[in-house]
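Below is one structure, written out as structure tokens; comments come after it.
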Amino acid sequence: MRIKWIGLSVWLLWATTNAHGQTGSLEYVANMGVRLELRGHSFLLDALHDFYKEAYRFTSAETVEGWFTNDNFSVALISHAHGDHYDERLSMEFLRNFQEGHLCGPSQLYDSLYLKGQVLSLKRRVHLISKASQPTTVWQQEGVRITGIRIPHVNRRHRRIQNIAWLVDGGSQRVLHLGDCSADKTAFKNVARMLGSGPSPYIVAPYWLGLSTEGREAMAQLLPPDQGSRKWVFSHLPPQGYLQYVNSLQENFPDATFFTVPGQKIVFQ
Ligand SMILES: [Zn+2]
Ligand SMILES: [Zn+2]
């Protein structure tokens with residue numbers, strides 16, 4: 001009897017692991033754009049954008065076409081309404097293409113989506129959040145929960161821009177995306193609260209955060225330096241001249257990942 005139970009438990013563990021695809025991956029798309037595979041779901045974070053300025057890498061038309069033709073995404077997350085993170089046309093195409101796909105972003109997207117009357121019929125699948133410091137859960141399915149919280153955009157002239165930090169929580173694997181955040185201590189404290197005591201997430205951060213003392217102090221609130229730097233993923237690096245930033249970041253974050261070439265991938269164990 002006992003052997004049977006052990007056998008059943010092993011099978012259940014195997015079945016659960018396989019059914020939910022416990023292993024997953026985080027793949028670089030462009031600028032701060034990433035594609036995340038978790039528990040059998042595909043997610044896009046800040047990846048729906050087109051050419052904006054020379055200084056930023058953008059998602060190629062072929063990549064977008066490949067997604068829309070061959071893939072099935074559950075959710076597209078947008079940190080804020082700047083052209084190097086978000087494109088209105090591609091976001092609408094995403095919603096039309098994936099009939100069960102959801103789009104989540106800051107309430108400022110209301111201006112570009114709702115006011116043009118484009119999204120009213122798709123409202124059930126659009127989640128725009130506005131609360132300042134409270135984490136808001138926007139999507140939950142089969143062991144994955146997505147929560148967002150406001151974190152100020154870097155640079156005072158952009159202080160009106162609503163920037164959201166998104167946590168995609170798959171239980172044993174978690175990914176936090178910070179968008180164009182500034183090193184705001186209070187906001188980081190709130191993000192740390194949103195993370196709670198679960199396993200350390202991979203954190204997709206803009207490269208500038210790790211370059212200043214202030215930024216590194218804010219980062220330490222999310223992942224203490226004594227836990228190593230393996231879970232930091234630096235992005236938003238300029239397509240030209242990024243090596244100087246990578247070199248100086250490596251002094252403090254020797255084991256971090258630097259997303260510089262589209263297609264780079266972290267495979268979760
Ligand atoms: Zn921005
Ligand atoms: Zn940006």
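Being surrounded by fewer than 21 Cβ atoms within 10 Å (Cβ to Cβ), assigned to a strand (DSSP E or B) and in contact (Cβ under 8 Å) with a residue 24 or more places away in the chain is a description that applies to residue 145.
Apart from one condition, residue 131 fits all of (1) charged (D, E, K, R); (2) within 13 Å of ligand 1 (Cβ to nearest atom); (3) in a loop (DSSP other than H, G, I, E, B); the exception is (2). The criterion of at least 1 residues that are touching a residue at least 12 places away in the same chain (Cβ under 8 Å) and among the acidic types (Asp, Glu) is met by the following helices (runs of 4 or more DSSP H) wholly inside the stretch 150-263: 213-220. Filter the stretch 182-218 down to the residues that are more than 23 Å from residue 28 (Cβ to Cβ) and basic (Lys, Arg) and list them by number. Within the stretch 182-218, 185, 189, 193 qualify.
In the set 207, 202, only one residue is within 22 Å of residue 237 (Cβ to Cβ), surrounded by 20 or more Cβ atoms within 10 Å (Cβ to Cβ) and touching a Phe, Trp or Tyr at 6+ places or on another chain (Cβ under 6 Å); that residue is 207. The C-beta contact set for the stretch 67-91 (first residue more than 18 Å from residue 159 (Cβ to Cβ), second residue more than 15 Å from ligand 1 (Cβ to nearest atom) and of a type in the set (Ser, Thr, Tyr), distance under 8 angstrom, 6+ apart or interchain) comprises 71/42; 72/42; 73/42; 74/42; 76/91; 78/91; 90/59. Residues in the stretch 81-96 that are of a type in the set (D, E, K, R) and within 11 Å of ligand 2 (Cβ to nearest atom): 84 alone. Selection within the stretch 52-87: residues that are acidic (Asp, Glu) and buried (at least 19 other Cβ atoms within 10 Å of the Cβ). The member of this set that is farthest from the chain's Cα centre (by Cα) is 87. Among the residues of the stretch 234-255, is there at least one that is surrounded by 15 or more Cβ atoms within 10 Å (Cβ to Cβ), polar (S, T, N, Q) and touching a Leu at 6+ places or on another chain (Cβ under 7 Å)? Checking the stretch 234-255: not a single residue is surrounded by 15 or more Cβ atoms within 10 Å (Cβ to Cβ), polar (S, T, N, Q) and touching a Leu at 6+ places or on another chain (Cβ under 7 Å).
The condition of being within 26 Å of residue 30 (Cα to Cα) and either modelled with pLDDT of 95 or more or surrounded by fewer than 20 Cβ atoms within 10 Å (Cβ to Cβ) (or both) holds for only one of 124, 157, that being 157. Here residue 44 qualifies as more than 16 Å from ligand 1 (Cβ to nearest atom) and within 23 Å of residue 269 (Cα to Cα).
The values are calculated or read from the model by the stated rules, or taken from the named source; none is laboratory data. Just so we're clear, the structure is a prediction, and the values are computed from it rather than from any experiment. Counting neighbours? That spans all protein chains shown, and the Cβs are built from the backbone with ideal geometry, glycine included.
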